[in-house]
Amino acid sequence: MQVPVWVKPGVWGGVVGAVAIVIFGFAEMGWTTAGTADRMARDRADAAVVAAFVPFCVAKAQQDADGAKLVKLGAETSSYSRRQIVMDSGWATCSA
C-alpha cells in the first residue's frame with residue numbers, strides 16, 4: 001500500500017500547529033500548570049485570611065489598655081517577631 005504524498009507534510013503541519021498552539025496558550029492565553037494554579041490559589045487564600053482578620057486584630061489592639069505591645073511592633077522588629085507578638089497578645093483571635 002502506498003501512502004499519498006500529501007500525508008507527510010500534513011502530519012508535520014499538524015505537529016507544528018499543535019506546538020504553536022501550546023506555546024501561544026501558555027504565553028498569551030493564560031493557561032497554567034497545576035502547580036501554578038495551586039500556588040495562585042494558596043496566595044489568594046492567604047490574602048483572604050489576612051483581609052478577614054485585620055479588622056479583628058485592629059479592634060483588639062485598640063481595646064488593649066497596655067500600649068507597650070504596640071511599641072514592640074516597631075520597624076526594628078522582624079516580621080517573624082511581629083507575628084509572635086500579635087499572637088501572644090491575643091489580638092489575632094476571634095474570641096470576644
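Quick note: the coordinates plus some simple rules give every number you see, no bench work behind them. Small disclaimer: the values here were computed from a predicted structure and weren't measured. We place every Cβ from the backbone using ideal geometry, glycine too, and count neighbours over all the protein chains shown.
Set Lys and Arg Cβ to +1 and Asp and Glu Cβ to -1, take the dipole of the range 1-47 about its Cα centre, and tell me which of Ile21, Val3, Thr33 lies farthest positive. Going by the charge dipole, the pick is Val3. So what's the net charge close to Thr36: Lys and Arg +1, Asp and Glu -1, counting the other residues with Cβ under 12 Å from its Cβ? With Lys, Arg at +1 and Asp, Glu at -1, the net is 0. At full extension, Arg83 and Ala34 could sit 14.6 nm farther apart than now, given 0.36 nm per residue minus the alpha carbon distance.
With 0.36 nm allotted per residue and the present C-alpha distance subtracted, the Ala48-Val16 stretch has 7.3 nm of extension available.
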